[in-house]
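The values are calculated or read from the model by the stated rules, or taken from the named source; none is laboratory data. Please read all numbers here as calculations on a predicted model, not as lab measurements. Heads up, the Cβs are rebuilt from the backbone with ideal geometry, glycines too, and the neighbour counts pull from every protein chain shown.
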Amino acid sequence: MRYAHVMLAVIVCSLSVGCQQIEQVLNPMPTTEGSRVSDKLRSIPRPDPANVKTVTVYRFTNKTGFPHGLAISNGMTEQLITALVKTGHFKVVERAELGDVGMEKQLQASGQASGDAGTTQMMGAELIFAGAVTELDETGGGGLSVAHGNMGVGLQTVSAQVGLDMRVIDVGTSQILDSIDVRRRVRRSGMTAAHTWGVSAGVEISNALDLAIRETVEEAVYQLVTRYGAL
């Protein structure tokens, strides 16, 4: 009887509020290895404006055979740029979209658009952050299903791993000053429940790969800031 009550609670909770409480029980931490990376980022001191370096980020290359690996690598580049800008520890100059920048400068230089950007020299970077996505993997870690009478419940686990290798390059000398190697593994679980009446519900499995990507990028940002930020 108690089992039936639990099953009914899972179904009602899932249908009504998304079952956030059950999700927290199944996945109390965003990663099974190490502390939360976002907490580490929040612990970084505010930047010293006098020590802010000008940097640029070149698009990450895809060194994996993972489906859609190129799109994921490009997305990780964009995430890294956004996160670097938000830290305030770097001046980030655009290089990936220079075609759009050049077009706007030409429009202003020709008088077709207002402004004096056409005669303004672009800012140069002191450091280049370049890298490659070297690991992308997402696999099902097995599942469990239990039936009792006219009710059933299932549990499924998904594991994802992401690897990023970066280089810090001195623009003046082309010397590789540093290398950063980040690996993150995330495992997530989800629950489903069903009744023979035809009612079914579930707690959606959090996207383990998305979470692993985010934590990989955040860890790379943390290392870049602590080594080269305006501290």
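Answer with yes or no whether Lys63 is of a type in the set (Lys, Arg) and at pLDDT below 90. Write out each step before concluding.
Values: of a type in the set (Lys, Arg): yes; at pLDDT below 90: no.
It is false that Lys63 is of a type in the set (Lys, Arg) and at pLDDT below 90.
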Which of (1) modelled with pLDDT of 95 or more; (2) outside any strand (DSSP E or B) is the odd one out, the single condition Val168 does not satisfy? (2)
Kindly evaluate Ala160 against the criterion of being within 20 Å of the chain's Cα centre (by Cα), assigned to a loop (DSSP other than H, G, I, E, B) and modelled with pLDDT under 95. no
Identify, by number, the condition in (1) surrounded by 11 or more Cβ atoms within 10 Å (Cβ to Cβ); (2) at pLDDT 50 or above; (3) of a type in the set (Asp, Glu); (4) over 16 Å from the mean Cα position of the chain (by Cα) that Glu23 doesn't meet. (2)
Looking at Ala113 and the list (1) in a strand (DSSP E or B); (2) over 30 Å from Lys53 (Cβ atoms); (3) at pLDDT 95 or above, which single condition is not satisfied? (1)
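Per-residue answers, yes or no, for (1) surrounded by 16 or more Cβ atoms within 10 Å (Cβ to Cβ); (2) in a strand (DSSP E or B); (3) at pLDDT 90 or above:
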residue	(1), (2), (3)
Ile128	yes, yes, yes
Glu138	yes, yes, no
Ser145	no, yes, no
Ser179	no, yes, yes
Gly198	no, no, no
Ile205	yes, no, no
Leu224	yes, no, yes
Ala230	yes, no, yes
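Taking Ala109 as the residue in question, decide whether it is farther than 19 Å from Val168 by Cβ, touching a helix residue (DSSP H, G or I) at 6+ places or on another chain (Cβ under 9 Å) and surrounded by fewer than 18 Cβ atoms within 10 Å (Cβ to Cβ). Quick ask: steps written out before the conclusion?
Details: farther than 19 Å from Val168 by Cβ: yes; touching a helix residue (DSSP H, G or I) at 6+ places or on another chain (Cβ under 9 Å): yes; surrounded by fewer than 18 Cβ atoms within 10 Å (Cβ to Cβ): yes.
Judged against the criteria, Ala109 is a match.
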Can you tell which of Thr31, Thr77 is modelled with pLDDT of 90 or more and surrounded by 11 or more Cβ atoms within 10 Å (Cβ to Cβ)? Thr77
